[in-house]
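J.: This structure is in structure tokens; I'll ask about it shortly.
All of the numbers you see were taken from the coordinates with simple rules; none came from a lab. Quantities reported herein were computed from a predicted structural model and do not represent experimental measurements. All Cβ positions, glycine included, derive from the backbone under ideal geometry; neighbour counts span all protein chains shown.
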Amino acid sequence: MNLKINNKVALVTGGARGIGRSITENLLLEGAKVISTSRSENALTELREELKNFNDSLFTINTGLTGVDDIEKLIEQIRNYDLDVDILINNAGDTLNIKDPWCSLDDWRKIFRLNFEVPVQLVNHLAPKMKTKNWGRIVNITSCAGLENSGPVTFSTTKAALSAYTRSMGRILAIEAPGVVMTALFPGVVITKGGHWDEILRTNPQHAEKYLSERCPLGRFGHIDEIGPIVAVYCSELASFCHGAIIPIDAGQSKHFMYFNYMD
Ligand SMILES: NC(=O)c1ccc[n+]([C@@H]2O[C@H](COP(=O)([O-])OP(=O)(O)OC[C@H]3O[C@@H](n4cnc5c(N)ncnc54)[C@H](OP(=O)(O)O)[C@@H]3O)[C@@H](O)[C@H]2O)c1
């Protein structure tokens with residue numbers, strides 16, 4: 001299968017580790033140029049070392065995303081590389097360990113900033129050029145927690161916002177510039193090095209076991225390499241009819257079912 005993204009330029013937020021790392025690698029394998037961001041210079045050095053065969057097409061930017069000027073500076077740095085982003089993957093996201101449903105508004109703002117505002121801000125910066133070219137792909141990594149009861153209220157709410165944004169904005173883009181396709185992909189439980197489930201396995205393995213046996217039909221974690229290649233497909237020419245789609249990659253973990261009566 002040819003994804004037809006050779007030489008397209010992709011930006012992957014949080015692209016040095018976890019699911020983002022697999023997305024970075026799979027886009028490089030398809031011939032795209034990839035800009036990966038991370039707050040950790042070490043993680044980026046490791047990424048460059050592991051993917052040294054792609055030296056000419058991997059660009060790394062050591063930056064946070066949630067600081068006041070972070071996004072403007074990131075956009076500036078991309079301009080300095082003389083690159084135009086064709087494909088945006090809003091991958092960075094987290095619970096920030098904010099699990100109390102009664103948390104302060106400050107905490108709500110923090111988690112909204114990372115999981116919702118940052119993706120929207122990047123879209124606002126990058127979509128206008130995609131629209132001019134009438135070609136672009138925007139993939140928002142959300143979560144089944146955004147569609148049903150699963151995970152902390154705070155995390156679920158922010159991911160729900162990102163899914164709703166994708167559904168509505170994907171449609172707007174389809175009308176304004178049919179070549180620009182926004183989708184949301186949501187992984188089920190995926191084990192990542194140093195990530196949430198890695199930590200739970202170390203600190204509370206009984207909880208991990210219970211979660212897997214009660215909620216996941218396969219009774220196991222997903223692996224990053226079961227997510228990255230699928231994301232690459234939605235970044236590709238093949239996704240030309242997927243505007244606004246919200247797609248699970250969760251081995252049947254989520255139980256929601258959307259029903260539309262076409263006579264309504
Ligand atoms: N793994 C799962 O089970 C699962 C399930 C559903 C949805 N997801 C979603 O998938 C995406 C990737 O997660 P993952 O599982 O690969 O998690 P991970 O291994 O914990 O990695 C989290 C990623 O988000 C970035 N990030 C976290 N907090 C950040 C902050 N405050 N500022 C900037 N970047 C931040 C990290 O970048 P740095 O390199 O800068 O640390 C890292 O790349 C997230 O949006 C997550 O919500 C994951």
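J.: Under 5 Å between amide hydrogens, which residues at least 5 positions from V180 or on another chain qualify, with H placed 1.01 Å from N in the peptide plane?
T.: Those lying under 5 Å, H to H, from V180 are G136.
J.: Would you grab the residues whose amide H sits under 5 Å from the one on I35? Only those 5+ places off in sequence or on another chain, please, with H modelled 1.01 Å from N.
T.: Placed amide hydrogens put A10, L11, V12, F59 under 5 Å from I35.
J.: Another one. With each label point set 7 Å from Cα along the Cα-Cβ vector, what nm distance links I175 and E72?
T.: Between I175 and E72, the label points sit 3.1 nm apart.
J.: Ok, one more. Please give the Cα centre distance for the stretch 79-94 versus the stretch 191-254, rounded to the nearest Å.
T.: Between the Cα centres of the stretch 79-94 and the stretch 191-254 lies a distance of 22 Å.
J.: Apply the Karplus parameterisation 6.51 cos²θ - 1.76 cosθ + 1.60, with θ equal to phi minus 60°, to every residue of the stretch 127-139 and state each ³J(HN,Hα) to the nearest whole Hz, in sequence, with x for glycine and proline.
T.: Working through the residues one at a time gives 5, x, 5, 4, 5, 4, 7, 6, 8, x, 9, 10, 10 Hz.
J.: Follow-up. Counting DSSP beta bridges in the chain, what percent are antiparallel, to the nearest 5?
T.: 0 percent
J.: List, largest first, the extents of the alpha carbons of the chain along their principal axes, each in whole Å.
T.: Taking max minus min along each principal axis of the Cα atoms, the chain gives 54, 48, 42 Å.
J.: Another question, if that's okay. Can you work out the Karplus-derived ³J(HN,Hα) for every residue in the stretch 174-189? Use 6.51 cos²θ - 1.76 cosθ + 1.60 with θ = phi - 60°, whole Hz, and x for glycine or proline.
T.: 4, 7, 6, 8, x, x, 9, 10, 10, 10, 10, 10, 10, x, x, 5
J.: Set Lys and Arg Cβ to +1 and Asp and Glu Cβ to -1, take the dipole of the chain about its Cα centre, and tell me which of V231, F221, T63 lies farthest positive.
T.: Checking the options against the dipole of the chain, the answer is V231.
J.: Could you pull out which residues in the stretch 167-200 have an amide N less than 20 Å from a spot 7 Å beyond the Cα of R39, following the Cα-Cβ vector?
T.: 192-200
J.: Could you list the residues of the stretch 91-129 with an amide nitrogen less than 15 Å from a label point located 7 Å from the Cα of E199 in the Cα-to-C-beta direction?
T.: 93-100, 111
J.: Under 5 Å between amide hydrogens, which residues at least 5 positions from I247 or on another chain qualify, with H placed 1.01 Å from N in the peptide plane?
T.: Hits under the 5 Å cutoff: A184, L185, F186.
J.: Can you pick out the pairs among K52/K159; K133/K159; K110/K210; K8/K129; K33/K133 whose Cα atoms lie more than 23 Å from each other?
T.: As for pairs spanning more than 23 Å Cα to Cα, those are K52/K159; K133/K159; K110/K210.
J.: So between E50 and M1, what do we pick up on full extension, going 0.36 nm a residue minus the alpha carbon distance?
T.: 15.1 nm
J.: I would also like to ask the following. Would you calculate a helix-derived [θ] at 222 nm for the chain, using -39,500 (n - 2.57) for each DSSP H run of n ≥ 4 and dividing by the full residue count, to the nearest 500?
T.: -12500 deg cm²/dmol
J.: Calculate one ³J(HN,Hα) per residue across the stretch 207-214 by plugging θ = phi - 60° into the Karplus curve 6.51 cos²θ - 1.76 cosθ + 1.60, and present them in order as whole Hz with x for glycine and proline.
T.: Result, ordered by residue: 5, 4, 4, 4, 4, 5, 6, 7 Hz.
J.: Specify the residue with the greatest mean-square fluctuation among G67, G14, G136, computed from a Gaussian network of the chain linking alpha-carbon atoms under 10 Å apart.
T.: Judging by the Gaussian network model, the answer is G67.
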